[in-house]
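> Provided herewith is a single structure, encoded as structure tokens, for subsequent inquiry.
Here, each number is a calculation from the coordinates, and none is a lab measurement. Since we're looking at a predicted model, the values are computed, not measured. Every residue, glycine among them, receives a Cβ derived from its backbone with ideal geometry; neighbour counts consider all protein chains shown.
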Amino acid sequence: MIFIGYDEREHRAYEVCKFSIDRRSSLSTIKLYTPEMYFYTRSTGEPQSTNFTFSRFFVPHICNFEGYSIFVDCDFLFMSDPQELIDIAKKDTSKAVWVCKHPRYIPNTVRKMDNITQNSYEKKNWASLMVFNNSHPDCKKLTLKYLNNHTPGLDFHQFKWTDSIGSLPLEWNCLDGYYHLTYPKAIHYTDGGPWFEGYENTFYSDFWLQEEATMLDV
């Protein structure tokens, strides 16, 4: 199954992301909406750029620490079947989580999306797409007590909870405005997509707009 992070400000993005998965894959999609997670009690006052900044790491718990699952930000557009990601992960069960290991980069803007401050840090965007090997001992460290209370939250995104990180091809997390790939398998509109004013004409915006048009036709 694949969990899609949901934020009210990006409802259009969520709908298109879900559609792009459903039309290419038999994987079931689940909306990860923090207000509906009764077991999420984290309230440290740390800044969060989206509603699902920290709740994404609750996925192994939600899956009872069994099997494999995917988390993805809602500002993704899938061009290929994400089942391929699970197939990659299953080839090496020693890894707790698989991600696209982006090299550290300087953001193009000081603010992104809906006027949110743009931050630069080690392993930025690694956690925007994750394949969890839920039964791995390191995933089992992600208990409710740890997730709800540990600070700083940046430790989650920098994977301080595991050294067992597998590497996915960057074509599965093609950052719009940073990578120019001919055949991306998943495009990530990390700074902002066509559903936000000012991002209607990015390098990959036409792909997203075409997908939305197809969705509306259906």
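> Roughly what angle does helix 11-22 make with the longest principal axis of the chain, taking Cα atoms, 0 to 90 degrees, to the nearest 10?
Orientation of helix 11-22: about 80 degrees from the principal axis.
> With each run of n ≥ 4 DSSP H residues scored as -39500 (n - 2.57), what mean residue ellipticity at 222 nm is computed for the chain after dividing by its residue count and rounding to the nearest 500 deg cm²/dmol?
-5500 deg cm²/dmol
> How charged is the neighbourhood of Asp22? Take every other residue with its Cβ under 12 Å from the Cβ of Asp22, and add Lys/Arg as +1 and Asp/Glu as -1.
After counting each charged neighbour, the total is 0.
> Using 0.36 nm per residue, how much length does the chain from Lys141 to Gln210 gain when fully extended, once their Cα-Cα distance is taken away?
My answer for the length gained is 20.7 nm.
> Helix 205-217 against the longest principal axis of the chain: what's the angle in degrees, Cα atoms only, rounded to the nearest 10?
With rounding to tens, the tilt is 90 degrees.
> As a quick test, which of the pairs Lys95/Lys140; Lys90/Lys185; Lys90/Lys141; Lys123/Lys160; Lys18/Lys123 have an alpha carbon distance above 22 angstrom in this structure?
Lys18/Lys123
> Let me check I've understood the local charge: for Glu122, count other residues with C-beta under 15 angstrom from its C-beta, Lys and Arg +1, Asp and Glu -1. What total comes out?
Around Glu122, the charge tally is +3.
> Where is the GNM fluctuation largest for the chain (alpha-carbon springs, 10 angstrom cutoff): Pro47, Pro82, Pro184?
Evaluated over the chain, the most mobile residue of the options is Pro47.
> What nm distance separates the two modelled labels at Ser25 and Gln158, each placed 7 Å from Cα along Cα→Cβ?
So the label points at Ser25 and Gln158 sit 2.9 nm apart.
> Further, regarding this structure: Quick check on the chain: of the DSSP beta bridges with both residues there, what percent are antiparallel, nearest 5%?
Within the chain, antiparallel bridges account for around 50 percent of the total.
> How would Asp206, Asp73, Asp217 line up from fewest to most surrounding beta-carbon atoms within 10 angstrom?
The order, fewest Cβ neighbours first, is Asp217, Asp206, Asp73.
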